[in-house]
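Quick notes on the structure that follows.
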Amino acid sequence: MSFLLVAEQLLNGVQFGIMLFLMAAGLTLIFGIMDFVNLIHGSLYMLGGFFGAKSIELLLALTGWEDMWLVTLLFVLGVILGVCITVIVSGIVELTIFRRLYSGTHLDHVLATFGLLLFFNEFAKILFGSEPMNVPKPPTLESPVEIIPGITYSSYRLAITVVGVVVAIGLYLLITRTRIGMLIRAGASNREMVTGLGININKLYTIVFAIGAGLAALAGVMTTPLTSVQVGIGEEIMILTFVVIVIGGIGSIRGAFIASILIGIIDTMGRFLLPSVLGYTAGPAVASMAIYLAMAAVLFFRPSGLFAAGRG
Amino acid sequence: MWPSRLLFGASRFDLRHLVVLAGLAILLLVPIVGDAYVMRVASRIVVLAMIAISLDILLGYGGLISFGHAMFLGSGGYVVGVLAFFGFQNGFIAYPAAIILSVILAGIVGYLVLRTVGVYFIMITLAFAQMLYYVANGVQIGEDYGGDEGLPLSERNPLFGLLDFGDPAIFHYFTVVILGVILYGSYRLVNSRFGRVIQACRDNERRVKSLGYNTFRYRLAVFMISGGIAGLAGALHMNLQKFVSPDELHWIISGDLLIMVIVGGANSLIGPIIGTAVFVLLEEVISNLTEHWMAIFGPLLLIVVFFGRQGIYGLIRPKADDG
């Protein structure tokens, strides 16, 4: 096994971790601030993928452009469209349904969002069909690039990693440097106090939910050229996101970031390394288990995660 | 009408007696009047009702929202399947083994998940069930068994030839009897001193702690009991279908089980049975009408959340009575 292959897989792990972070950042805030059990975060990832893929497909068909830079531009436009449509859908859901649920119990949240998840799965099946939907990578990002002399890497993966990191930095600045970010942090630590100080908590909830939906959709669209999008794809990544949040600590963006990268690397490296060590039957099984074992270990020593919010 | 009187302790006749007696009559009559399809649906309701009751002991009485109860449907089924693969067909071995191993599994999982509460608990039970889903998917036995292929069962576990389980009617009556035993045992459990402590933990854990109870141990015990009942249900489910696969462990099943309990009425023992019956029948009816039955069923759940908080059982329960 060459060093190059290991380095490539390590980078894939980081890339996957960044995508997980885009999912986890929003969800950990929704759990932390709203104390709301949200099972449709994976559906938003899936819807983002579908809306984005369809937008790109339609844009390419409508314009008929073939110049590689123009096609890339259309790709970016499609990604933005996919994210915007998903944010609008999630906004409608938040305003009409979730708003009435916040005062309910966790059980209400689970039941209602589970129902919505089933609905969105069928909705996507009716709208986009049950076949996987694929989008070609933008032509400018098709060939691998040399990142350091001697090591080449998929330029598309590198690009979405960069986008993810930029978004993460933007989110960090938003959370730490702006008034709205201050309110979000305050909400994650002590919700009653924020309402007590006269902040319109409903507006804050809508903003947090919309940010979360946008990030999930972004991850969904950007991953589509790598894995294609199909019904049910969001659930698997949602459960992984739960693991990330449990490890990182509910309400903690920093925890979500570290845990995402950790899980991304463990998952990718496990799938890559363990089969060659343990054989092709036990290897993949142990690899799939690895992240849950990591979660169990964290739970054993730190039941509320590595960086639980509200604990200073 | 002693069975319903035993459950409700009420001497006055109310709607609940009628529902319980009607349900019992239907379950007993199905093998006589129904065809093979109807009987399989009825047996499925009986077996799933057991696991719904076990979940409600956690959820309604213990206040612990487990989103991973399908793991026990799987553990019970896989114990039966693996034992059969190695030639242990006897039901007196298979059923106790399924219960014991499910209790042990619940002990290990419970020890980790019960250190957390609220949203964490929901997510972590889900995550552990998902881990077992991957285990079931990955572990192969021999060349063609296990993995995503699942495990078959050539014949239902015999009980020394006492009962002929080749006849689906006899197996159906067997599951009805087991359901009755579980129902009675659960009734005794939730009304015992132990059950009172569990319910007190749900209502105010801090107060129970200050009374000197080790709430963690009580919760772990109830988690293990619930897991054991669910494991037995899993073993019976495997016997009913003569097949177990990772699908039994899928997290959607855990969600379905939660729906059965809540739609039927949590914090009651009859509610989960009603909920299971309604869920399974709806699934059969709507899925025959349209392949997109989830598009109808999902919004139905929203309606339940907004308008039917007490579940179906809440509709037939007398207002003054909270038993």
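The values are calculated or read from the model by the stated rules, or taken from the named source; none is laboratory data. Note that the coordinates shown come from a computational prediction; the quantities given were computed from them, not determined experimentally. Please note: Cβ atoms are built from the backbone with ideal geometry, for glycine as well, and neighbour counts cover all protein chains shown.
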Quiz item: Considering A:20, A:10, which residue is part of a helix (DSSP H, G or I) and closer than 30 Å to residue A:194 by Cβ?
Solution: A:20
Quiz item: In region B:292-308, what residues are more than 9 Å from every other protein chain (Cβ to nearest Cβ) and part of a loop (DSSP other than H, G, I, E, B)?
Solution: B:308
Exercise. Determine whether region B:276-287 contains at least one residue that is at pLDDT 80 or above, buried (at least 22 other Cβ atoms within 10 Å of the Cβ), under 23 Å from residue B:184 (Cα atoms) and within 9 Å of chain A (Cβ to nearest Cβ).
Key: no
Practice problem: Answer yes or no as to whether residue B:57 is surrounded by fewer than 16 Cβ atoms within 10 Å (Cβ to Cβ) and either of a type in the set (Phe, Trp, Tyr) or more than 10 Å from every other protein chain (Cβ to nearest Cβ) (or both). | Solution: no
Quiz item: Considering region A:33-45 alone, what residues qualify as being within 14 Å of chain B (Cβ to nearest Cβ) and in contact with a Gly (Cβ under 6 Å, 6 or more places away or on another chain)?
Solution: A:33, A:42, A:43
Quiz item: Just for region A:102-122: of the residues that are within 7 Å of chain B (Cβ to nearest Cβ) and hydrophobic (A, V, I, L, M, F, W, C), which one is farthest from residue B:261 (Cα to Cα)?
Solution: A:119
Quiz item: Just to be sure, is residue A:72 part of a helix (DSSP H, G or I), hydroxyl-bearing (Ser, Thr, Tyr) and farther than 17 Å from residue A:209 by Cβ?
Solution: yes
Quiz prompt | Condition met for residue A:57 (more than 14 Å from every other protein chain (Cβ to nearest Cβ) and either out of contact with any Phe, Trp or Tyr (no Cβ under 7 Å at 6 or more places or on another chain) or surrounded by 14 or more Cβ atoms within 10 Å (Cβ to Cβ) (or both)) | solution = yes
Quiz item: Among the residues of region A:29-38, is any over 22 Å from residue A:183 (Cβ atoms), surrounded by fewer than 24 Cβ atoms within 10 Å (Cβ to Cβ) and touching a residue at least 12 places away in the same chain (Cβ under 8 Å)?
Solution: no
Quiz item: Taking region A:89-121 as the search range and keeping residues that are in contact with an Asp or Glu (Cβ under 9 Å, 6 or more places away or on another chain) and surrounded by fewer than 22 Cβ atoms within 10 Å (Cβ to Cβ), which one is nearest to residue A:34 (Cα to Cα)?
Solution: A:102
Quiz item: Which one of the conditions (1) at the interface with another protein chain (Cβ under 8 Å from one of its Cβ atoms); (2) under 23 Å from the mean Cα position of the chain (by Cα); (3) crowded, with 20+ Cβ neighbours inside 10 Å does residue A:86 fail to meet, given that it meets all the rest?
Solution: (1)
